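Report on the following structure.
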Amino acid sequence: MRETTGTSWVELAATVIRTTFKAARLTTGTQYQFRIKAQNRYGIGPSIISEPVVAVYPFDVPSQPGTPVVTSFNKDAMTLSWNEPSSDGGSAILGYHVERKEKNSILWQRISKALVVGNLFKSTGLIDGIAYEHRVIAENMAGLSKASKPSEPMYALDPVDPPGRPVALNITRHEVTLSWTKPEGDGGFSITGYTVERREMPNGRWLKANFNNILETIYTVSVEPLPEVYAENIVGIGECSKVSEVYVARDPCDPPSRPEAVIVTRHSVKLKWNPPAYDGGSLVTGYLVEKRDLPEGKWMKASFTNIIEHEFTVTGLTEDSKYDFRVIAKNAAGAVSKPSESTGSITAKDEVVPPKSETDPMYNQTIVINAGETFNLEASVEGKPIPTAQWFKGNLEVENSARAEIRNTDFKALLVVKDAIRVDGSKTIPFSVKVLDRPGPSEGPLTISNVTEEKCSLSWLPPRHDGGASISHYIIQKRETSRLAWTVVCSDCKATMFKVTKLLKGNEYIFRVMAVNKYGTGEPLESAPVIMRNPFVPPGAPQDLEITNITRDSMTVCWNRPETSGGSDIVGYIVEKRDRAGVRWTKCNKRRVTDLRFRVTGLTEDHEYEFRISAENAAGVGQPSPSTTYLKACDPTFEPGCPTNVHVVDTTRDSISLAWHRPIYDGGCEIQGYAVEITKADEEEWAICTPPCGVNATKFTIKKLIEHQEYKVRICAINKVGVGEPTEIQGVVKPMDKIDPPEVILDSELRKGIVVRAGGSMRVCIPFKGRPTPEINWAKEDGELPSKVQVETGEDYTQLSIEICDKYDAGKYVLNLENSAGTKSAFVSVKVLDTPGAPLNLTVTDIKRESVTLTWEPPLIDGGARIKNYLVEKRESTRKVYSNVDNKCTKTSYRITGLTEGTIYYFRVLAENEFGVGQPAETEESVKTSEPPLPVGKNAVGSVSNPSITVGPATCVDTYGRSFHVGLYLCIFFCNYALSCILRYLFHTLHILHPDLFYHLWSRCPRD
């Protein structure tokens, strides 16, 4: 090329194969001329010069972007957003430049260091209290647009945060006292006051509740408010607080009495209290129990249901922790009392006090009663934990019956005997007490196995002493040997083994296990210290890298396994490439490669690349292999290979007919033709029989030969690169007339048929005879031959082969032989054992609100085995995955129930035989589950005469039992063709009837 203002030419490229070329690095606005010369092996030809052309962009700069808007701000930063330009100038927007200035300044400063992609930008580095303006400039390949209009001035200040949510401190029927917290942020200026608003429920408007400035964070509002609060400083009023809860103006209820702890265990406390002295004018409907951890815990709910009784057991406590409890009452009007006095410090622990019992002195003497009377035996019981009281008469335990009723409580044992008889006499009242405890330590040792960098496995034996109760679970803890604190690994392990994960590589750990029953946690069993490290190392480097199948955008990399695996199985390989023009290695595979070859795609044509491979095991990625040499990504072209299966088809007294197949390798470009050459057997000079460019067909007849003369024949393939290697027919060929009808030789095995499993290969080789050589034609009885079928034909045999068979390859393969003497045919039956095909004619019938009925026909291809059953599946239109309905359906119909009314469904059915599940048959259209309309009433035919008929009216009953008239449809048929259709309501008389016409009358509900 050259600039039109100069005279010297600059060479852009010396080896351009194609007829197009992209000239780069031109100067915008400069006028150029280009010239091209063709070159072959004899030299360079004359040039052709182009017209002058100016290097300019074919597009304009974009229009102005939208005015930027500040979406959020504080004293240090502002977030901007804007709209895209109305026109991009014909080139995509590459990005934006953001500029800003102070409000009173005229100097704009660019604050975006790089192009901003998208319509958002955060402006930082602001000065507190200064107002700023911003503008945006768009850029495309043609350049920069005009700047947008500047944004509204915005001060760099922290916004005033809303106050805390208002909380009612005191509620009466006339007023509510509110309290709230100050805003977390005051916007840089002190708060000057608050505004309180209220509204009446449920749909009242917000009204200002204060008429004077509120300086404190407490205020009393009259009537029934749903208040919210605003904070205000010298800049203005901030955001409103969260709306408070709904409060009803009413008299409060008195608090209950101070609760007392009746029973205390390590995990629970039973409380009792008395009702409030004043219920606020309404019946007390329930109580709420609260607790707090001492010394500095917050009050939290301990009961999550309404408590009607005057006692409650608080559970879920931590052993040896101190708690405080209080009770709140609620009445029918919705009033909630103030909390009662707290119980004071209560420690959750089991106090072990031996059981004891006391009886009234009256029981020290014999009790005398009359037969038939009822007597009571009572004793007070004490002890911690609460003992279990049992009644005995002699050595036999007394059980509840119609005459003997046991009424034991926590602190009293009571036996009531009705209708006393003589044998009811009693001597003593014994008590049987069982003391329960926590379990002992687990049986050791605590074994650690399967240690890696991040995990290990623990195992142990159950404790010898279970504390009188079954072991519910185990608590597993760990700690680093450099620390003293234990960390919980699992708090609810049910088995005597556990896999610990998420450990730190190289750290040393100690583990311990504690058994837990319902009475508490047992003593720990500790393990020996163990260091987290793998018992193996990364693998070695792969070997013998080789690059094959090079194209313009891909290459295939092959390699061998490393010499050492590092002690762990190799889980995959990492393939990397590097361009000769680059310096960084780039990973080629997104997923783990487990094979010893990988096809690298996405290469740039004419670029040179080198490759290396790394192996990976559980220890990590090993060292990479030595890199390959640089190879260029391009489509190679060569001379074609030699034709295959060259053979003589027929001979006459003066001609020889030949046939052949295409070469296996076409040299990377299209085969343009074939050249046939011949010579006498005793000569060495070959003569071409075809035109110099060859023939396109894969058969040719050589004519004008001498009868009985011996000839040699060879065939070559031709592409644009040149002529390939020839294929010579073995031996010599004589032109002579030979007529012999074809014969097919089938052995007994082929007559029985061929059975092959899916995925296996099949070869059918059939010898034949015939002169001249018959034409071979393979066909499939039920259709065309699959494209993967390979047919090889020799002088006296033909072979049909399929490398990978599937169910569609089953059937009858027919071989037809034909020559001038006659024809012959034979067939071979092939049975492929595979999964069945898709069922046929899947239809949906009987559609209801919650069910449908599917019907289908068995598949044409059963895969060589009986269909065992069908799998029925469904999916909703809003989902992509089918869910199973039934996988053991043995019929060709199925009723699906449990569907959702009004939902759109898709259904599919799959057949299954002994080799697996076949392809699905899916419904073409969606199905909406709904109830079909109710049938209409009968059409009333009033009278029939020639030539008229009177009909109507018809009625329809809807799902609510209401009846209404419907429309009448009349269709006239002549020779099975509909001539007209008439719609009328109520009574209608049809005139001029014809005896040769067929009339069909029906009704239809207007709601259908």
Environment charge of LEU458, counting only residues whose C-beta is closer than 12 Å and scoring Lys/Arg +1, Asp/Glu -1: +3
Alpha-carbon Rg with Dmax, taken over segment 760-801, Å: 11.4, 36
CYS253 accessible area, assembled protein chains, probe 1.4 Å, Å²: 10
LEU785 long-range amide H proximity, modeled H, under 5 Å: LYS780
In Hz, Karplus ³J(HN,Hα) per residue of segment 760-774 (6.51, -1.76, 1.60; θ = phi - 60°; x = Gly, Pro): x, 9, 9, 9, 10, 10, 10, x, 8, 10, x, 9, x, 4, x
Accessible area per residue in Å² at 1.4 Å probe, computed on segment 543-633: 59
Computed over segment 658-758, Kirkwood Rh from alpha-carbon pairs, angstrom: 16.5
Residues whose placed amide H lies under 5 Å from that of ARG771, excluding near-sequence neighbours: ASP740
Solvent-accessible area, 1.4 Å probe, carbon plus sulfur percent, for segment 260-351: 49
Euclidean distance between Cα centres, segment 847-920 to segment 88-115, Å: 61
For segment 695-712 versus segment 310-382, the gap between their alpha-carbon centres in whole angstrom: 120
Segment 718-846: relative contact order in percent, alpha carbon pairs under 8 Å with at least 6 residues between: 30
Label-reachable residues, segment 696-722, where backbone N falls under 16 Å from a point 7 Å from ASP682's Cα toward its Cβ: 706-712
Extension gain, VAL755 back to ILE127 (0.36 nm per residue minus Cα-Cα distance, nm): 217.4 nm
Partners for LYS393 among lysines (Cα-Cα distance below 19 Å; same-chain residues under 8 apart left out): LYS412, LYS418, LYS427
Debye, to nearest 20: dipole size of segment 2-55, +1 on Lys, Arg Cβ, -1 on Asp, Glu Cβ: 220
Radius 10 Å from Cβ of HIS708, net charge of other residues (Lys, Arg +1; Asp, Glu -1): 0
Cα extents of the chain along the three principal axes, largest first (Å): 148, 100, 97
Extension gain from THR71 to ARG597, taking 0.36 nm per residue of separation minus the Cα-Cα distance: 184.0 nm
Heavy-atom accessible surface of segment 543-633: percent carbon and sulfur, 1.4 Å: 41
Per-pair calculated FRET efficiency, R0 = 41 Å: TRP486 and THR903 via Cβ, rounded to 0.05: 0.15
Extension gain, ILE214 back to THR27 (0.36 nm per residue minus Cα-Cα distance, nm): 60.1 nm
The chain - charge dipole about Cα centre, Lys and Arg +1 at Cβ, Asp and Glu -1, debye rounded to 20: 880
Segment 67-156, accessible surface, carbon-and-sulfur percent (1.4 angstrom probe): 52
Accessible area of GLU931 in the full protein assembly, 1.4 Å probe (Å², nearest 10): 90
Segment 72-114: relative contact order as a whole-number percent, Cα under 8 Å and 6+ apart: 24
Per residue, the convex hull volume that the Cα atoms of segment 740-833 enclose (Å³): 82
Pairwise FRET efficiency - TYR797 versus LYS738, Cβ, R0 = 25 Å, nearest 0.05: 0.85
Positive-end residue, the chain charge dipole about Cα centroid, Cβ charges, pick of THR628, GLY794, ALA131: ALA131
At R0 = 25 Å, FRET efficiency that the Cβ-Cβ distance of GLU710 and THR823 yields, to 0.05: 0.25
Accessible area per residue, Å², segment 647-700 with all protein chains present, probe 1.4 Å: 56
Of LYS291/LYS322; LYS502/LYS590; LYS291/LYS518; LYS478/LYS505; LYS37/LYS720, pairs whose Cα-Cα distance is over 18 Å: LYS502/LYS590; LYS291/LYS518; LYS37/LYS720
Simple label model, 7 Å out from Cα along Cβ direction - ARG403 to GLU239, nm: 7.9
For SER482, solvent-accessible area (1.4 Å; no DNA, RNA or ligand), Å²: 100
Interchain or long-range residues, amide H under 5 Å from GLY620's placed H: none
For segment 2-55, convex hull of alpha carbons as volume per residue, Å³: 93
Average accessible area per residue (Å²) across segment 260-351 - probe 1.4 Å, nucleic acids and ligands excluded: 56
In order through segment 587-604: 3J(HN,Hα) via Karplus (6.51 cos²θ - 1.76 cosθ + 1.60), integer Hz, x for Gly, Pro: 6, 9, 9, 7, 10, 5, 9, 10, 8, 9, 8, 7, 8, 8, 10, x, 7, 8
Given LYS703/LYS780; LYS455/LYS494; LYS22/LYS146, the pairs whose alpha carbons are separated by over 30 Å: LYS703/LYS780; LYS22/LYS146
For segment 695-711, 3J(HN,Hα) per residue [Karplus equation, 6.51 cos²θ - 1.76 cosθ + 1.60, θ = phi - 60°, Hz, x = Gly/Pro]: 10, 7, 6, 9, 8, 7, 10, 8, 10, 6, 9, 9, 5, 6, 7, 7, 10
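The values are calculated or read from the model by the stated rules, or taken from the named source; none is laboratory data. Nothing here was measured: the structure is a model prediction, and the numbers come from that model. Cβ sites come from the backbone with ideal geometry, for glycine too, and all protein chains shown count toward neighbours. Keep in mind that these areas ignore ligands, DNA and RNA; they rest on the heavy atoms of the full protein, side chains included. Shrake-Rupley method; radii C 1.70, N 1.55, O 1.52, S 1.80 Å.
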